[in-house]
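Enquirer: Input: one structure, supplied below.
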Amino acid sequence: MSDINAIFEPGVLVRHPDQPDWGVGQVQSNIGDRITVNFREMGKIVIDSRRVLLELVHE
């Protein structure tokens, strides 16, 4: 896991940079290169952090 992904701990709010219509998501888990996020408009999605750099949301 890259160092930047260490900030994505459970409870952190994020957005998917290529899927703005998914809305804000809350990180559920971060294991290895897989970050599970529950998005408001899309539900639970597993993100490959080697391919997608999630954006932090400050609400």
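Where a number appears in this text, it was derived from the coordinates with a stated rule and is not lab data. Model, not experiment: these values are computed from the prediction. FYI the Cβ positions are ideal-geometry reconstructions off the backbone, even for glycines, and counts take in every protein chain you see.
Enquirer: For a footprinting-style exposure proxy, rank HIS58, HIS16 by other Cβ within 10 Å, fewest first.
Expert: Final ranking by Cβ density, sparse to dense: HIS58, HIS16.
Enquirer: Continuing with the same structure: Taking 2.2 N^0.38 Å as the expected size of a compact globular protein, what ratio does the Cα radius of gyration of segment 3-56 give against it, to two decimals?
Expert: That ratio works out to 0.96.
Enquirer: State the answer as a single residue: which of ILE35, ASN5, HIS58 lies farthest towards the positive end of the charge dipole of the chain, with beta carbon charges of +1 for Lys and Arg and -1 for Asp and Glu, about the Cα centre.
Expert: Projecting each Cα onto the dipole axis, the largest value belongs to ILE35.
Enquirer: In whole Hz, with x marking every Gly and Pro, tabulate ³J(HN,Hα) for segment 6-21 from phi via Karplus 6.51 cos²θ - 1.76 cosθ + 1.60, θ = phi - 60°.
Expert: After applying 6.51 cos²θ - 1.76 cosθ + 1.60, I find 5, 6, 8, 8, x, x, 5, 8, 9, 10, 8, x, 9, 9, x, 6 Hz.
Enquirer: Testing the spin-label approximation: label points 7 Å from Cα along Cα→Cβ at ASP48 and VAL12. State their distance in nm.
Expert: Taking the two extended label points, one gets 2.1 nm.
Enquirer: Which value in nm describes the separation of the simple spin-label points at VAL24 and GLU55, placed 7 Å from the Cα toward the beta carbon?
Expert: Using points 7 Å along Cα→Cβ, the separation is 1.4 nm.
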